[in-house]
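Structure record follows, encoded as structure tokens.
The values are calculated or read from the model by the stated rules, or taken from the named source; none is laboratory data. Just so we're clear, the structure is a prediction, and the values are computed from it rather than from any experiment. Virtual Cβ from ideal backbone geometry, glycine too; neighbours counted across all protein chains shown. Just so you know, the surface numbers come from the protein's heavy atoms only, side chains and all, with ligands and any DNA or RNA stripped out. Shrake-Rupley method; radii C 1.70, N 1.55, O 1.52, S 1.80 Å.
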Amino acid sequence: SMLYADFLPETVPMISAVYSDYHMFVGPRVQRGDSDQARTMKLGRGFLWGNQIGLFNLNQICETPNVNECDINKPGIRYAKSLAGIRQTLAGYLAYGEYLGSVNNPSTQNTLTEQWCLNDSCSRAVSAEIPAVQTSRWLDETGNNGGIIVTNTSVTNAVNEIIEIPPNWRQMTVSICGFSSSYEMICDLVTTGDEISIELESLETKLIKFE
């Protein structure tokens with residue numbers, strides 16, 4: 001395995017781009033001092049880059065020393081659980097596939113600005129400003145099917161996003177897939193051209209599948 005310990009806003013997924021089809025990744029860390037919004041920003045980015053979900057325990061994100069009193073409906077915890085389940089469903093992309101980078105979001109106007117803690121006390125921190133909706137493009141383990149994974153890291157706002165389709169995928173069959181409470185994919189065929197419109201609730205993740 002390889003490790004992204006702490007993300008900075010300017011971190012780029014170089015390791016994923018080079019090693020994604022034959023290495024596993026762990027990270028990023030979330031810290032006790034992070035807000036829920038900072039946690040979801042970090043976790044969403046790591047998930048899209050193919051990372052396993054984070055280096056943290058419930059003590060760090062529950063804001064209580066007793067994990068039995070942890071509120072599992074807190075946005076950061078709920079989102080981490082969701083991404084872990086979806087990662088299993090999308091293992092053919094995120095664990096065994098090939099990372100191809102992000103895609104253009106021509107309509108992106110939802111930007112999140114939040115402080116990211118670099119230690120639990122947050123005595124070391126940086127200001128992060130990144131799009132609420134983040135994307136990554138993958139080939140699955142067969143090398144024949146493509147996927148654009150889209151996640152909305154905002155803890156409050158739903159969005160309608162326009163995603164640009166890579167030119168070499170525009171003649172393929174396209175489906176938009178959501179995920180059930182048990183993380184099974186629920187897909188609908190769509191007709192599209194150079195771009196595709198996708199609606200995302202707060203902290204929702206979808207797959208645009210190309211076959």
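Provide the net charge surrounding Gln52, with neighbours chosen by a C-beta distance below 13 Å and charges set as Lys +1, Arg +1, Asp -1, Glu -1. It works out to a net charge of +2. Residues Tyr93, Tyr183 ordered from highest to lowest accessible area at a 1.4 Å probe: Tyr183, Tyr93. Of the peptides 170-177, 203-210, the ranking by mean beta-carbon count within 10 Å, highest at the top, reads 203-210, 170-177. The loop-placed GluC sites (Glu not before Pro) in region 110-182, going by DSSP, that have at most 16 neighbouring Cβ atoms within 10 Å of their Cβ come out as Glu141.
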